[in-house]
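Below is one structure, written out as structure tokens; comments come after it.
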Amino acid sequence: MNAQVQIDAEVRELSYAEAIREAMAIALESDPAVVLMGEDIGTYGGAFQVTGDLIDRFGPERVMDTPISELGGAGVAVGAALTGLKPIFEFQFSDFAALAMEQIVNQAAKLRYMLGGEAEVPVVFRMPSGSGTGAAAQHSQSFEAWFGHVPGLKVVQPSTPAEAKGLLLAALADPDPVIVFEHKLLYKMKGPVPAGHYITPIGKAAVVRPGQHVTIVASAIMVHRALEAALRLAKEGIEAEVIDLRTVRPLDRETIIASVKKTGKLLCVYEGVKTLGVGAEISALVAESEAFDYLDAPIQRLGGAEAPIPYNPDLERAAVPQSPDIERVARQLAKGEV
Amino acid sequence: MMRDTTENIPFAISQFSPAQLREALRKMHLIRLFEEGAEESYMRGLIHGTMHLSIGQEASAVATCMELTDADKITSTHRGHGHCIAKGADVGRMFAEFFGKETGYCHGRGGSMHIADVKTGNLGANGIVGGGLPIAVGAALTAKRLGRDDVTVCFFGDGANNEGAFHEALNMAAIWKLPVIFVCENNKYGMSTAAAYATAVPNIADRAVAYSMPGVTVDGNDFSAVAEALHEAIARARAGEGPSLVENLTYRWRGHSKSDRNRYRTKDEIEEWMTRDPIARFRAELIAHGVLGEAEADAVEVEAKDAVAAGIEFARQSPTPAVTEVTKFVHAEVAA
Ligand SMILES: Cc1ncc(C[n+]2csc(CCOP(=O)(O)OP(=O)(O)O)c2C)c(N)n1
Ligand SMILES: [Mg+2]
């Protein structure tokens, strides 16, 4: 599944949160310029227990609790990155990055360009993201498209523990600002993770299930929902090809286009609000590409409802694509019913 | 009632009528019992998500709202159940919201973190730390521009004082002399982060100097001390003299939220603060000053218990919102 993994590496079962922690530990051990910053990432171990015991292993100078100051905190990380440190800044929830848009969008993303290439900002912003926890409108958003709209930023969305580790290490190795959207519902998910240092390249999607009847492009939790749907569709003889997007910016055009040329059908599934979302861009890039001639049906999108995430659990589920929704639309596509 | 300064009578006892004081005690019990009921309902799976309990901080909520009318506004926080009840909300509709029901204050869309009761002047809890601070200034601007004499009380935590929004809000309130009272509930921690670590000044009230407004720090578990500080700040606001900052020193007995393991504070510290129970203290004070007898004080608590039981029952019986109505309330409904 992960071509970048050295086959001889020891592979263990780790949770997504543990895999991210392992990546941070490797970074802290191997590079004295790496510092972690964020709210309650020290003794508390982070709101989702991602930093965990790193404070005990690396001390408060490397694992820094910030005051509740997102704009300032993110800006300090940007300034430190500009001058030689490599900060990994954790937002407690991706929603709070809205308070720091100035430093991320106006500063971090543009400094290299505005200074004519004379400066760089190798900062990583980690953002627990997505709905499904009953935390309602201000703690459940999916901002991938927001940040994906900004030249100068790279945006990744790991869907498995191995990807979470590999993409974070790739983000750290990247000389530019990278936003990592970690899905809250995946933190406890376990999966095989190679030991040691490896990189899952930014900008590369992965075909996680091959198929010839319909292409489903999904990211983060939606990859798992698409795979569940694909399993059920396979019983009906419909073979869905599932692509794990992994990176929202820059998009992996080649993998998407190659798949659509094979299947002739495209379904984009994403948790962010449907309108002007990630799937809109994927649809457009396919429509603009040589894959257009291969399309046998209109492109379909399943995205978040045109509403904030509601508190009531039934409404909350209804507000984002679920596996049966994916199954239904993929089936319609495959059967030429769209 | 005039304040009696001849004897050692607490401010609140001389300022408020026995009926008002009895009602204040009832509300403090109601907050505690409401939150215990919410906690139990959460344990039984009737409530999902998370919640932030204010058990131990009841005097701060109730005493702060003592002189407010429904025309006066409050902005609240993620730890807002107490503020909501203190301002006059019905616990049945609050439970209904927690249970995600259509009869809830936010029709099941908001939950604990967005609990509000606009009719009693509660503009809402907030999922964003510091989110309510500029909004409170805006509410005070409305009152001033429209020539009304209502005031706005802005609740916020010690953690929130390090958000840029806090500093921007206080400055604007001061330069425009707006009728707003900033009430910091300093419970020593923002989640796990000690105020002593995260804040450059020893008291949050010290920040007031930078914005040319009065700042006082009071014992937030002493009902009368809080009521007195608010009395002065509200009078100043209503007189058009501008904003004030009041800091209520208090403590939350429970963890920050449902997932807190309390690794950042000691059991001794928690237990020590539990001996400073604001409800027991207020009750004893009312009895000592002859406002209530023991039996009457007990009856007040029973009343609150009954209200909580009835509220939970109301919430359980209430209908859930239709899943087809996810996008209802995104915009104003325009008549076709
Ligand atoms: C902008 C923002 N940052 C962080 C959080 C996460 N968070 C919620 S409550 C809280 C602590 C707030 O502390 P304080 O203001 O002291 O209020 P308390 O919880 O003690 O009542 C934090 C960090 C948030 N909700 N919003
Ligand atoms: Mg606090």
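Between the alpha-carbon centers of region B:127-161 and region A:290-338, tell me the distance in whole angstrom. Each part reduced to its Cα centre gives a spacing of 41 Å. Counting Lys and Arg as +1 and Asp and Glu as -1, what is the net charge of the other residues whose Cβ lies under 13 Å from the Cβ of B:Arg261? Charge balance near B:Arg261 sits at +2.
List the relative contact order of region B:52-162 as a percent without decimals, with contacts defined as Cα pairs under 8 Å and 6+ residues apart. So the answer I get is 29 percent.
For chain A, the fraction of alpha-carbon pairs lying more than 24 Å apart is 54 percent, rounded to a whole number.
Taking 0.36 nm per residue of separation and subtracting the Cα-Cα distance, full extension of the segment from A:Ala258 to A:Tyr113 would add 49.0 nm.
Each Cα pair under 8 Å and six or more residues apart adds its sequence gap; the mean of these over the residue count of chain A is a relative contact order of 17 percent. Taken over the protein assembly as shown, the convex hull of the Cα atoms encloses 179 Å³ per residue.
With both labels modelled 7 Å from their Cα along Cα-to-Cβ, the B:Arg316 to A:Arg317 distance reads 2.3 nm. Look at the stretch A:94-106: the mean tally of other chain Cβ atoms within 10 Å of its residues' Cβ atoms is 1. Placing R0 at 45 angstrom, the Cβ-Cβ distance between B:Ala299 and B:Ser259 gives a FRET efficiency of 0.75 after rounding to 0.05. Beyond 27 Å in Cα-Cα separation lie the following of the pairs A:Lys184/B:Lys305; A:Lys184/B:Lys27; A:Lys204/A:Lys265: A:Lys184/B:Lys305; A:Lys184/B:Lys27. For region A:102-195, what does the alpha-carbon gyration tensor say about shape, rounded, prolate or oblate, given a ≥ b ≥ c as the root eigenvalues, a/c under 1.5 as rounded, and a/b over b/c as prolate? Oblate.
Across q = 0.13 Å⁻¹, region A:13-194 modelled as identical point scatterers on its alpha-carbon atoms has Debye log10 I(q)/I(0) values of -0.58, in the order of the q list. Once each of the GluC sites (Glu not before Pro) sitting in a DSSP loop with at most 16 other beta-carbon atoms within 10 Å is removed, chain A keeps A:121-235 as its longest stretch. Shape analysis of chain B yields a ratio of the Cα radius of gyration to the Kirkwood radius, Rg/Rh, of 0.96.
Of all lysines in the structure, the ones whose alpha carbon falls short of 17 Å from that of B:Lys188, not counting any fewer than 8 places away in one chain, are B:Lys267.
Readers should treat all values here as calculations from the given coordinates under stated rules, not as data from a laboratory. Nothing here was measured: the structure is a model prediction, and the numbers come from that model. With ideal geometry, Cβ positions are generated from the backbone for all residues, glycine too; neighbour counts draw on all protein chains shown.
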